[in-house]
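All remarks here apply to the structure that follows.
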């Protein structure tokens, strides 16, 4: 999996999460919640660059990945306010603002894919907590977004050739 592919899936899924949360809270209330969360210093995400290997073979390819990400987000047909918050997703921004090119490859070792998902998922949970929702509402929101985020794990595992479900011993 290339970094550009990972980021496209990340933003597509985040856009769907915003849609799900909008269904729970309503667009106006969700935008107020997102605006209130703002740019929190404790939510600065660190891109996990060690999981990727730079591929300098074709610098031009990065533009194609960015275009693919843009087309994907546009296909969600988010209202402008939610589209803004989709692009402002801290995890996405951390990778895009790093020195890693979008055509960098996810390393293919025994558990890079799983570790990347687990670390990304912990940042996603941090983002959800940053919304400062009352506990009861936070649980409802987490239930609304959890299945969507599992799709990111599935995409990562499928791209690496690993089984999505493993047998239970």
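The values are calculated or read from the model by the stated rules, or taken from the named source; none is laboratory data. Not measured: the values here are computed from a predicted model. Because the Cβ atoms are built from the backbone with ideal geometry, glycine has one as well, and the counts that use them run over all protein chains shown.
At pLDDT below 90, outside any loop (DSSP other than H, G, I, E, B), touching a helix residue (DSSP H, G or I) at 6+ places or on another chain (Cβ under 9 Å) and exposed (fewer than 13 other Cβ atoms within 10 Å of the Cβ): is that true of residue 23 in this structure?
Considered against the rule, which asks whether it is at pLDDT below 90, outside any loop (DSSP other than H, G, I, E, B), touching a helix residue (DSSP H, G or I) at 6+ places or on another chain (Cβ under 9 Å) and exposed (fewer than 13 other Cβ atoms within 10 Å of the Cβ), residue 23 comes out as yes.
Can you tell me which residue in the range 74-94 is surrounded by the most Cβ atoms within 10 Å (Cβ to Cβ), limited to those that are assigned to a loop (DSSP other than H, G, I, E, B) and in contact with a helix residue (DSSP H, G or I) (Cβ under 8 Å, 6 or more places away or on another chain)?
First, the residues of the range 74-94 that are assigned to a loop (DSSP other than H, G, I, E, B): 76-79, 88-89.
With in contact with a helix residue (DSSP H, G or I) (Cβ under 8 Å, 6 or more places away or on another chain) added as a condition, the list becomes 76, 78-79, 89.
Numbers: 76: 16, 78: 20, 79: 13, 89: 22.
Ranking the qualifying residues of the range 74-94, first place goes to 89.
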Hey, residue 113 surrounded by fewer than 16 Cβ atoms within 10 Å (Cβ to Cβ) and farther than 18 Å from residue 17 by Cα or not: no
Residues satisfying the stated conditions in the range 95-109, i.e. within 15 Å of the chain's Cα centre (by Cα), surrounded by 19 or more Cβ atoms within 10 Å (Cβ to Cβ) and part of a loop (DSSP other than H, G, I, E, B): 102
Residue satisfying all of: in the range 110-160; part of a loop (DSSP other than H, G, I, E, B) and free of Cβ contacts under 8 Å to residues at least 24 places away in the same chain; farthest from residue 95 (Cα to Cα) among these: 134
Residues (over 11 Å from the mean Cα position of the chain (by Cα) and surrounded by 21 or more Cβ atoms within 10 Å (Cβ to Cβ)) located in the range 2-18: 3, 4, 18
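Evaluate the following for residue 71: is it modelled with pLDDT of 85 or more and under 12 Å from residue 6 (Cβ atoms)?
So residue 71 does not fit the description; no.
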